[in-house]
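The block underneath contains the structure these notes are about, expressed in structure tokens.
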Amino acid sequence: MRAIQVSQFGGPEVLHLVDLPDPQPGPEQVVVRIHAVGVNPVDTYIRSGAYGQRPLPYTPGTDAAGEILRIGSEIQDWKPGDRCYLTGSQTGTYAEQALCHSYQVQPLPEKITYQQGAALYVPYSTAYRALFQRGNARPGQWLLIHGASGGVGLAATQWARATGLQIIATAGTDEGLRQVLDQGAHRALNHRSADYRQQVADLTEGKGPDLILEMLANVNLQHDLDMVAKYGTIVIIGNRGNLDFNPRGAMSKDASIHGMSLFNTPPELMEQIQAALLAGLEQGFLNPIVGREFPLEEACAAHTAILQPGAMGKIVLIP
Ligand code: NAP
């Protein structure tokens, strides 16, 4: 099979297309024929060597969707041809095939395309965990999604709208602002404009958002503390550096700052997330937005694109 391989950490140019043997399933494993791969920012952090170092060489990627190709002798719930999305794999997803334990495949409803299926696991699970398991979001609350035009932000917008929150969503381009409104935000503000924090205060009548989902904490955490409501909560989803920060804001507002990493989710809470995700897809209130597609061999270009400003949904690779 064709696969992308990293044999040294570095820039996007270390992503090479190679030929590897087709994976064969153990008794409780399946092999998935991948039709679309989801590219996540964390794939670039790992590739650069900055985060969660992997033994070399490795094939990147956590997200993908496709169909079951081969099954192990103990597998009863899946048969070849079944549509699925992945919640991780044993061999990496930037490839034509991936070896998975049976618990790493989930059913993909017919009306969801493979490209959309590749946008499910990391973005939608992260958004759900941030909103409901870490942020304790409740209907009627004011929610600020600080960075809503990317994979996680659009997923959070759809979950929150279906749950009855009042959503202020930020993006950095006109196209991103249109997208977040299309996906259910009540108000859209540009996080590159000088006065958007004042607009958040005005929209919430001076009270501030009850909950903030933060995609770039090293830039925004101090602003979030200035904006958040008394007794409010900030959930840190994304961070790319350090900041000079005064904790007094948390003290004076009894505000809570919760970190989260999807990979810390306990198995029983992950089961809840996947059940909620399947219900949302079947009912139609979750509908992943795919922004750009690249052929698998252009993984290098996809890694460059995902770190550039102007997100408009998910970037996927097509093997
Ligand atoms: P993405 O698709 O690349 O989207 C990035 C988002 O950040 C876009 O909406 C972008 O908006 C926005 N952004 C850029 N500059 C900003 C600023 N100054 N203030 C606020 N937002 C800004 O990435 P993603 O998949 O949605 O992930 C978002 C972040 O969460 C990444 O840092 C990622 O590594 C992290 N993440 C963490 C977890 C976890 O478990 N903790 C899981 C998944 C992702 P514009 O491009 O429109 O400016």
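The values are calculated or read from the model by the stated rules, or taken from the named source; none is laboratory data. Treat the numbers as computed from the prediction; the structure is a model and nothing was measured. A quick note on method: Cβ atoms are made from the backbone with ideal geometry, for glycine too, and the neighbour counts reach across all protein chains shown.
Of the residues contained in the stretch 268-290, one or more are found to be at pLDDT 95 or above and over 28 Å from THR113 (Cβ atoms).
Of the residues THR113, THR170, THR157, only one is farther than 17 Å from ILE237 by Cα and polar (S, T, N, Q); which? Give the derivation first.
Working: THR170 fails: farther than 17 Å from ILE237 by Cα; THR157 fails: farther than 17 Å from ILE237 by Cα.
Only one candidate passes the filter, namely THR113.
Among strands (runs of 3 or more DSSP E) entirely within the stretch 76-169, having at least 2 residues that are within 15 Å of the chain's Cα centre (by Cα) singles out 83-86, 142-146.
Determine if the stretch 186-199 includes at least one residue that is in a helix (DSSP H, G or I), under 19 Å from the mean Cα position of the chain (by Cα) and surrounded by fewer than 23 Cβ atoms within 10 Å (Cβ to Cβ). Step through it out loud before you land on a result.
Here is the first cut: in the stretch 186-199, the ones in a helix (DSSP H, G or I) are 196-199.
Add one more test, that the residue is under 19 Å from the mean Cα position of the chain (by Cα), and what stays is none.
Checked against the condition, which is being in a helix (DSSP H, G or I), under 19 Å from the mean Cα position of the chain (by Cα) and surrounded by fewer than 23 Cβ atoms within 10 Å (Cβ to Cβ), the stretch 186-199 yields no hits at all.
Say we look at the stretch 249-271 and pick out the residues that are in contact (Cβ under 8 Å) with a residue 12 or more places away in the chain and more than 16 Å from the ligand (Cβ to nearest atom); which of these is surrounded by the fewest Cβ atoms within 10 Å (Cβ to Cβ)? Show your work before the answer.
Step one: list which residues in the stretch 249-271 are in contact (Cβ under 8 Å) with a residue 12 or more places away in the chain, which gives 249-250, 253-260, 262, 265, 269-270.
From what is left, the residues that are more than 16 Å from the ligand (Cβ to nearest atom) are 249-250, 253-256.
Numbers: GLY249: 19, ALA250: 18, LYS253: 16, ASP254: 9, ALA255: 20, SER256: 16.
Residue satisfying both the conditions and the ranking: ASP254.
Would you pick out the residues in the stretch 125-141 that are under 12 Å from LEU286 (Cβ atoms) and either within 10 Å of the ligand (Cβ to nearest atom) or without any contact (Cβ under 8 Å) to a residue 12 or more places away in the chain (or both)? Full working, then the answer.
Filtering the stretch 125-141 for residues under 12 Å from LEU286 (Cβ atoms) gives 125, 127-128.
The answer is SER125, ALA127.
Condition check: charged (D, E, K, R), crowded, with 20+ Cβ neighbours inside 10 Å, modelled with pLDDT of 95 or more and away from the ligand (no atom under 16 Å from the Cβ). Does ASP210 satisfy that?
Details: charged (D, E, K, R): yes; crowded, with 20+ Cβ neighbours inside 10 Å: yes; modelled with pLDDT of 95 or more: yes; away from the ligand (no atom under 16 Å from the Cβ): yes.
When the stated conditions are applied, ASP210 passes them.
Contact map, the stretch 196-221: first residue within 14 Å of THR233 (Cβ to Cβ), second residue within 11 Å of the ligand (Cβ to nearest atom) and among the polar types (S, T, N, Q), Cβ cut-off under 6 Å, separation 6 or more or different chains; pairs are GLU214/ASN220; ALA217/ASN239. Residues that are polar (S, T, N, Q) and within 17 Å of the chain's Cα centre (by Cα) within the stretch 244-271 comprise SER261, ASN264, THR265, listed in sequence order. Check off (1) under 22 Å from THR157 (Cα atoms); (2) under 15 Å from the mean Cα position of the chain (by Cα); (3) near the ligand (Cβ under 9 Å from one of its atoms) for GLN308 and give me the number that stays unchecked. Going through (1) under 22 Å from THR157 (Cα atoms); (2) under 15 Å from the mean Cα position of the chain (by Cα); (3) near the ligand (Cβ under 9 Å from one of its atoms) one by one, GLN308 breaks only (2). With respect to the conditions (1) within 18 Å of the chain's Cα centre (by Cα); (2) among the small types (Gly, Ala, Ser); (3) more than 21 Å from LEU269 (Cα to Cα); (4) not in a helix (DSSP H, G or I), GLY176 lacks only one, and its number is (4).
Residues in the stretch 230-248 that are surrounded by 19 or more Cβ atoms within 10 Å (Cβ to Cβ) and closer than 20 Å to GLY206 by Cα: GLY232, THR233, ILE234. What about SER73, is it within 11 Å of the ligand (Cβ to nearest atom) and among the hydroxyl-bearing types (Ser, Thr, Tyr)? In short, no.
The lone criterion from (1) under 29 Å from ILE167 (Cα atoms); (2) out of contact with any helix residue (DSSP H, G or I) (no Cβ under 8 Å at 6 or more places or on another chain) left unmet by LEU99 is number (1). Exactly one residue out of HIS186, HIS146 is closer than 20 Å to ALA311 by Cα and more than 16 Å from the ligand (Cβ to nearest atom), and it is HIS186.
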